[in-house]
Amino acid sequence: MTSDSTSTGGSGTRRARAGWVLALAATVLPGFTAAASPATADTGGYHLYAHGFLSNGIVGYNASDTDQPTPIQGRPMPGALNWPQTPSPDGRFLFVAPGTNPQLIPYAIGPDGELTEGTPLALPDVPVDIIFAPNSRDAFVVVGLQNAQVVPVRIGADGTPTVNGSPVPFGESLDGVASGTVSPDGKQLYVASLLPRQLLVFDIKADGSVSPVKQRLSTGLNPIYPRVTPDGRHVYVINEISGSVSGFTRAADGTLTEIAGSPFPTGLLPHVTSITPDGRFLYVPNMGSGHISSFAVEPNGVLTPLPDVAFAPEKPGTFAESSVMSPSGEVLWALGTDPLRGGEEILRRFTIGPDGVLDLDESVAVYTGTYIADGRTLSVVPRR
């Protein structure tokens, strides 16, 4: 396959034609960031946390939009084969859910970003994603490679998770390897079910439990990591194998209608997206291409392509997988995998121009000591 696109590095713009031969020895499995919030000034900086799907350990960095990241003391070891990590929206806790020993593990976030493990909650099946409601009290863990379920969870004042009612089955045997997001108003849970190629809509009740599925919509191949725009008007879901983003308009009752022109092409194996707090720009890392796809979000939800930016132009074959937006909305962080270092993850920073075009900060290329970015492997937490 051949791609012809405009790519930008840290020092300018170049025309690039690159060929990729993609051999899928196994299904590449999913990684979403927490819902975007209004931009805040980057005064005290923030914490970044990363883990690898195939390695044990969470690494942290104190970071800002301008300074070099500095390591946070300690490295908690929750277990390997770990897809999701998600902070609570209030920034007090980081939650991790390893697949080898299915449980939801809370970590209290200290003033310098250090993580202190709390009491875990056993889960009924392999966890694939952790999704928070805006209130930081209600969370939802989607579990199961097949016969998937939503496990509603209530978060205590000390971060301890407890089951909040019975798990809710998706409803079909093929449902599984699912990832999701919650609407900004906290009324709907949107979940991408990988094998059926569908986006599912659940209502969230006042007590934090969820309804049975009330809508199923067709997507492309391997839908993963849906995201709702900050104004709640549109929902986008990545089609991993199709190499595209499907877009939907959200009605008052949370049901969805596909946007004209959807799906919108990306690079190969797109993954965990980020959106600016004002909802104007969407960014898509590509695990099978050397660039991050960038889009302007039009008022009607149509995605207009912006110039691509190379993730690691000096490191051929090193591609991005996960991304997070800084609290200011002026910087995008992306985590990728370097095959020449045995799959070690690398963290990079991009500034966002007024027109939404990314510019690679070539001074930041942090190897994390964690391996294989695949899943929700990168989180950002504002300092408190």
- Task: For segment 67-123, just the Cα set please: Rg and Dmax, both in angstrom.
- Result: 12.0, 39
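Report, to two decimal places, the Cα Rg of segment 158-302 normalised by 2.2 N^0.38 Å (N = number of residues). Walk me through the intermediate numbers first.
Details: Rg = 15.1 Å, N = 145, 2.2 N^0.38 = 14.6 Å.
Rg over 2.2 N^0.38 Å, computed on Cα atoms: 1.04.
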- Share of Cα-Cα pairs in segment 102-243 lying beyond 20 Å, as whole percent: 45
- Task: Could you tell me what percent of the accessible area of the chain is made up of carbon and sulfur, with a 1.4 Å probe and every protein chain present?
- Result: 54
- For the chain, the fraction of alpha-carbon pairs in successive 10 Å shells from zero, as %: 5, 27, 37, 25, 6, 0
- Note on the structure: Eigenvalues of the alpha-carbon gyration tensor of segment 31-183, times 5 and square-rooted, give semi-axes in Å, largest first, of 27, 17, 15
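Based on the Cα atoms of segment 248-360, what semi-axes does the equivalent ellipsoid have, where each is the square root of 5 times one gyration tensor eigenvalue, given in whole Å with the largest first?
In descending order the semi-axes read 26, 15, 12 Å.
Quick one: which of 48-56, 232-240 comes out on top by average Cβ neighbours within 10 Å, and what's the full order, highest first?
Details: 48-56: 23.0, 232-240: 25.0.
Result, highest mean first: 232-240, 48-56.
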- Message: Suppose each label sits 7 Å from its Cα in the direction of the beta carbon; what would the Glu362-Ser211 distance come out to in nanometres?
- Response: 5.4
- Note on the structure: Regression test value, accessible area per residue of the chain, probe 1.4 Å, units Å², expected 37
- Under a point spin-label approximation (7 Å from Cα along Cα-to-Cβ), what is the Thr249-Val302 distance to one decimal in nm? 1.3
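The values are calculated or read from the model by the stated rules, or taken from the named source; none is laboratory data. Since this is a predicted model, take the numbers as computed values, not measurements. No Cβ is skipped: glycine too gets one built from the backbone with ideal geometry, and neighbour counts run over all protein chains shown. SASA here: full protein model, heavy atoms, side chains in, ligands and nucleic acids out. Shrake-Rupley method; radii C 1.70, N 1.55, O 1.52, S 1.80 Å.
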